[in-house]
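Read the figures in this text as sums done on the coordinates, not as results from a lab. Keep in mind that this is a model prediction, so the values were computed, not measured. Here the Cβ positions follow ideal geometry from the backbone for every residue, glycine too, while neighbour counts run over all protein chains shown.
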Amino acid sequence: MTVPLDRKPVRLHLLRLGEAFVAGLLLALLCGFFWRAAPLPVTSIEVAAPGRGWHIDPLAALTVQAQVFGKQPTYVTLAYRTASDPQWTRMRLRVVPDRRSGRVRYEFPQVRESLRFFLEGGGCRTGVYEVAVNDQVALASVQAFYEVPAYLDLPDRVEASADLMGMEGTRVRLVLGSSVPLARMVFQMDDGSPEELSATDGEGRTFEKILYLTRDCAYTVWLHPHGSPWAVCGVRGTVRVVPMSPPLLAGAAKAARPVAAARESLTLFPIRAVRHLPADQHGEQSL
């Protein structure tokens, strides 16, 4: 016996299944719309470039500052590598929250060589920044202009040496040249107070110091680069003074005036006249 199939419940189930499918489709479309309209917050890091650009003087401090936007992580990582270091050094920096962003700051106290660095955190990574170091701070040239007192009758001279030596009372104009522009240059005797020298050019590379040779001593020239609290020892020099004793004065005058010195050094002796006698007899008579 065949039982007739009731198709009404089947149609009802199919209708409900279709309604559920349409509802799910509409829900997925609405979710996609809101996801596009309000995307999930992401992290972005912006590094602030220094006013002078990414190049600094040797031994100067370098400050790295950045802002973190979007989703702010608690920490970001600073990775850096110097020119002589093949490995990256990583440091965790805390993000200081602000009103609209977070702030990150780190300072390299002394930069001796060029370096590269980048920041990463919250799934974001910045580009690699390269910091170039200017020429090494050093004393490039030293010239000493000697002006000997006039009564010595000796010629002036110029020497390219920081070790000074001359007669007592000699005036020396010391011209010091730096390899890079300096904030200041300081001259200091070992037993004296530091003296800031005046630059003779507009760049801060050439400085002068006037001194008189009066006693034996030693001195130091300190170089102060821009933006650095540290000073670099430019040169250590000595001062040797030749005292003005009468024999030395006479010797110096004779060396400067050889003809006059030769005349002054002649000693007068009695002149004796010699009369010629026969070959077997000789005689002399004093005048």
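Coupling constants for segment 107-121 follow from the phi torsions by the Karplus curve (6.51 cos²θ - 1.76 cosθ + 1.60, θ = phi - 60°), and in residue order they are 10, 7, x, 9, 9, 9, 9, 5, 8, 10, 8, 8, 10, 8, x Hz; glycine and proline get x.
Using a cutoff of 8 angstrom between alpha carbon atoms and counting only pairs six or more residues apart, the relative contact order for segment 106-190 works out to 27 percent. Average 1/r across all pairs of distinct alpha carbons in segment 145-233, invert it, and you get the Kirkwood radius: 14.3 Å. As a proxy for reagent exposure, ranking Ile210, Ile56 by other Cβ atoms within 10 Å from fewest up yields Ile210, Ile56.
Full extension of the chain between Ala138 and Arg112 yields a length gain of 8.1 nm, computed as 0.36 nm times the residue separation minus the alpha carbon distance.
Put in order of Cβ neighbour count within 10 Å, fewest first, the listed residues Tyr106, Tyr80 become Tyr106, Tyr80. Each other residue within a Cβ distance under 13 Å of Thr126 adds +1 if Lys or Arg and -1 if Asp or Glu, for a net charge of -1. Spin-label pair Asp156-Ala79: with each label point 7 Å from Cα along the Cα-Cβ axis, the two points sit 6.2 nm from one another.
Multiplying the residue separation of Ala23 and His55 by 0.36 nm and removing their Cα-Cα distance gives an extension gain of 5.4 nm.
Working note: Karplus 6.51/-1.76/1.60 with θ = phi - 60° gives segment 213-225 the couplings 7, 10, 7, 6, 6, 9, 8, 9, 10, 9, 10, 10, x Hz, where Gly and Pro are set to x. For Thr43, the residues whose modelled amide H falls within less than 5 Å of its own, excluding neighbours fewer than 5 places apart on the same chain, are Lys71. Ordered by the count of other Cβ atoms within 10 Å of each Cβ, fewest first, Thr77, Thr214, Thr170 give Thr214, Thr77, Thr170.
Amide H contacts of Gly204 (H built 1.01 Å from N, in plane; Pro and chain starts excluded): no residue 5 or more places away or on another chain comes under 5 Å.
Once a ≥ b ≥ c are taken as the square roots of the eigenvalues of the Cα gyration tensor of segment 43-133, is the result rounded (a/c under 1.5), prolate (a/b larger than b/c) or oblate (a/b not larger than b/c)?
Details: a/c = 2.25, a/b = 1.67, b/c = 1.35.
Judged from the Cα gyration tensor, segment 43-133 comes out prolate (a/c at least 1.5, a/b above b/c).
In segment 151-219, what GluC sites (Glu not before Pro) fall in a loop by DSSP, with at most 12 other Cβ atoms inside 10 Å?
The qualifying sites are Glu203.
Identify the residues of segment 69-85 with backbone N under 17 Å of a label point that sits 7 angstrom from the Cα of Arg100 along the Cα-to-Cβ direction, or state none. Hits in segment 69-85 for Arg100 at 17 Å: 69-72.
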